Structures are given as C-alpha cells and as structure tokens.
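Here the structure comes first, spelled out in structure tokens, and everything after it is commentary.
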Amino acid sequence: MSEMTVRRHVAPPLPHVDLSTKLAGVTFPNPVFTASGCAAAGQELDQFFDVTDLGGVVTKSIMLAPRSGRPTPRMAETPSGMLNSIGLQGPGIDAFLEKDLSWLADRGARAVVSIAGGSVDDYTKLAQKLRGRPGLTMVEVNISCPNVEDRGQVFACDPVAAAAVVQAVRRNTAPGIPVFAKLSPDVTDIVAIARACVDAGADGLSVINTLLGMTIDTTTMRPALAGITGGLSGPAIRPVAVRCVWQVHQALPDVPVLGMGGIRTGLDALEFVLAGASAVSVGTTVFGDPTAPMRVLYELAHALAERGIDRLSDAVGLAHRPPVAYVPEEPDPVGDELPVVRTPVGFEEERA
Ligand SMILES: Cc1cc2nc3c(=O)[nH]c(=O)nc-3n(C[C@H](O)[C@H](O)[C@H](O)COP(=O)(O)O)c2cc1C
C-alpha cells in the first residue's frame, strides 16, 4: 500500500482578538472544538493541523463495552446535510482510556470526553472510570440514547430521565471537571429539558445533537439506511440549532452553552455565539474538509475584529440585546446631521 503524505496546515496569524472562553470555571484558549463522532479522538485530524490549537477535542461517545454499531449502509446524503445511523460503534471505555485519552493527554490536547449509556448505571460507571484520568478537561453527556429500562425511551426527551443521568455523572465526576449535558432538538420544549439538566447539576449544555430523519431510496424503494431512521446533521439543521441555542440562552443566561449544528464557516460560528454560545463544535463539515475547525477559528477571529469586537466574551449572546431604540432628535438647524440611534451594549452609537 502506498503511503499518503498529508501536508500539515500551519495556522496563519490571528488578529488581536481575545478568543479565550470560560466554560464553567475552565478557561479554554479559543472557542472552537470538534463535535462528538465527527473526528474520532483527534488522531486523524492531527495529520492536518495541530489539535492542541483547538479549544478542545470532543471525542466520539464512548460506552462501557465495545460495540460494532448498526449494519450498513449507515450514511446517506440529503440536501445540505447528511443522515447517519452509526449506532455508537466504539472500542469500549477501557480501550478508549488506554489508547485514545492517553494519546490526547500526551499530545497536550484538551479532551472533552463524550459518554453514552443505556441506563443510569452505565453512565455512573463511565464517570467513575474517567475520574482522575490525566488529560480529561470536561465531560459531555450524550443523553440521546435509548433507556433500556424504560422501553427504549430516549433520555434526552424526558426531563426526569435526563436529570437522573446528569445527576449520576455529576456526582461521580471530580469537582473542577465541567459536566455538559448534550441536548436533543427532537423535543417539544428544549428549555424544559435544559432546566432539568441544570437543576440536576449540569455545569453547561451542548446544543444540539442530530435531528431524527429518514430518507427512502426511490430506486430500491426501501429506506436508504439499514437502521431506517438516522440523525440529520450539517447546514440543513443550522437554523434549528441556532433557535435552540437562542432559547436556552434566553431562559438560562448564566449557563455556558457549547453550540453546534451545521457550522461550516466563521460567520456560522458567529451566529451561534451571538445566539448565546460560549464555544462551538464543528462536526459534519470535517468529513469534507478536515482543516475546517482551524479555518472556522481563523474566520471567526476575523469576523469579530471586523465588527470592532476585541473579546469573544463580549459577543456571547449579543443578538439578545434589546432592539435598537430610535431616538428622534431636535431638528438640526444646520441640517447635515443624521439621527442618532443608541444601543445599550457598548457600541457607542449607530447611525441610522
Ligand atoms: C457521523 C456522525 C456521528 C456522530 N456521533 C455522535 C456521537 O457519538 N455522540 C454525540 O453526542 N453526537 C454525535 N454526532 C452529532 C454531532 O456531534 C453534532 O451534534 C451534530 O452532528 C450537529 O453538528 P454538525 O451539523 O456540525 O455535524 C454525530 C454526528 C455525525 C454526523
């Protein structure tokens, strides 16, 4: 087999913007992370750029035991998106700790370990296994999993079940390691689930996981995925994701949000920040462009600089500021002044 040489991307200098972000007391140098399941544990991406340049590496959700996942086909393209039904294929927590987390720790990357289970007990054991492990910076709890003890009802769709998982993980995770609950958009009231998770001890929220979808192959006249339904991701879901981040930030403005869903560019990432995300994950885009997370970081920094914003934290939730109030002025005797419109958020004045 011929060896492929991959040229590593060297990040161009960033503009002078303070990109650091604080998630539940932990400071990250910048707000761009990978998304769970879209970059394994970062080794492959490290061929393309230095993964320690990212805010954090979110690993694929790991379960207690190894799993081979669902039958193929597991992926289908859709307009501006993709459907997947991988079924949480993975090596199990012990092999993950030995190979993947230790690699991330040796590399000096900030590892955000995503965990998934079929019962509260599974999540408890996973959190216990992670406790005290070098390299662990944060835990993301994937609650979009069927609860085997409740007829396969997805934890993320039931506030009581979601809270039970979060409480178990928080209790078994070392203090100082933030626990983020990852919310599903497939609910009537995402704020109710967000509140239940926060009340149960979540230090922050990851928003959003994929949306349940399906597609039918009109040639075979059967579902395109062997698993029949799958998770929809990519730009097609971005407006749903931005809406969810907006609603969660509006209801719980002090709770940090890691936003994701169809981010392809720095301006997409900025949308999430303006809606209330303190950091973002870049997922599906990485399959077509492995350098996307670094590009998004670079573009986001420039987008902030171009808007005269020199600290990322000043932009978090900025779209929630009250509508610009029109302040009519006394008629200008000279007649060459435009009316002044004031905003309450630090931009001294905007001219209408
Ligand atoms: C192939 C694939 C695998 C995924 N695996 C996981 C996973 O293991 N755990 C998880 O919480 N989310 C998983 N996700 C969801 C992503 O982390 C992300 O929340 C979602 O895809 C929206 O972001 P995106 O549109 O940028 O991909 C997966 C998504 C894709 C496309």
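Estimate the FRET efficiency between Arg107 and Arg151 by the formula 1/(1 + (r/R0)^6), using the beta-carbon distance for r and 41 Å for R0, to the nearest 0.05.
Efficiency for this residue pair is about 0.45.
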> What is the order of Arg311, Arg74, fewest Cβ neighbours within 10 Å to most?
Replying inline: Arg311, Arg74
>> Using all alpha carbons of the range 168-214, what is the percent of pairwise distances in each 5 Å bin, ordered from the shortest bin to the longest?
In response: 5, 22, 27, 20, 14, 8, 4, 1, 0
> Between Leu211 and residues 5 or more places away or on another chain, which pairs have amide H atoms under 5 Å apart, with H built 1.01 Å from N, and which residues are they?
Replying inline: Leu232
> Considering only DSSP beta bridges whose two residues both sit in the range 21-320, what percent are antiparallel, to the nearest 5?
Replying inline: 40
>> Can you sort Met75, Met63, Met221 from fewest to most other Cβ atoms within 10 Å of each residue's own Cβ?
In response: Met221, Met75, Met63
> If r is the Cβ-Cβ distance from Thr219 to Asp289 and R0 is 45 Å, what FRET efficiency results, to the nearest 0.05?
Replying inline: 0.95
>> Below 8 Å between Cα atoms, with a sequence gap of 6+, how large is the relative contact order for the range 21-320 in percent?
In response: 19
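As a test of the formula, what do you get for the chain when each DSSP H run with n ≥ 4 contributes -39,500 (n - 2.57) and the sum is divided by the residue count, at 222 nm and rounded to the nearest 500 deg cm²/dmol?
-7000 deg cm²/dmol
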> Using the count of nearby Cβ atoms within 10 Å as a rough guide to exposure, how do Cys244, Cys38, Cys157 rank from fewest to most?
Replying inline: Cys157, Cys38, Cys244
> Based on the alpha-carbon gyration tensor of the range 47-96 and its eigenvalue square roots a ≥ b ≥ c, which shape applies: rounded if a/c is under 1.5, prolate if not and a/b is larger than b/c, or oblate?
Replying inline: oblate
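Multiply the residue gap between Ala174 and Ala24 by 0.36 nm, knock off their C-alpha separation, and tell me the result in nm, one decimal place.
52.7 nm
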>> Under 17 Å from a point placed 7 Å out from the Cα of Asp199 along the Cα-to-Cβ direction: which residues of the range 138-154 have their backbone N that close?
In response: none
> Could you state the number of Å between the C-alpha centres of the range 163-223 and the range 16-60?
Replying inline: 20
> Peptides 321-329, 226-234: what's the order by average Cβ count within 10 Å, highest mean first?
Replying inline: 226-234, 321-329
>> Let's test the formula: R0 of 35 Å, r as the Cβ-Cβ distance of Leu212 and Val327. What FRET efficiency results, to the nearest 0.05?
In response: 0.15
>> Please compute the modelled spin-label separation between Ala305 and Lys99, points set 7 Å along Cα→Cβ, answer in nm with one decimal.
In response: 4.0
> In whole percent, what relative contact order does the range 194-283 give with Cα contacts below 8 Å and a gap of six or more residues?
Replying inline: 29
>> Can you give me the Kirkwood hydrodynamic radius for the chain, using every pair of distinct Cα atoms, in Å to one decimal?
In response: 21.1
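Bear in mind that the values in this text are calculations on the coordinates, not laboratory data. Note that the structure is a prediction, hence the values are computed from the model and not measured. Glycine also receives a Cβ, built like all others from the backbone with ideal geometry; neighbour counts cover every protein chain displayed.
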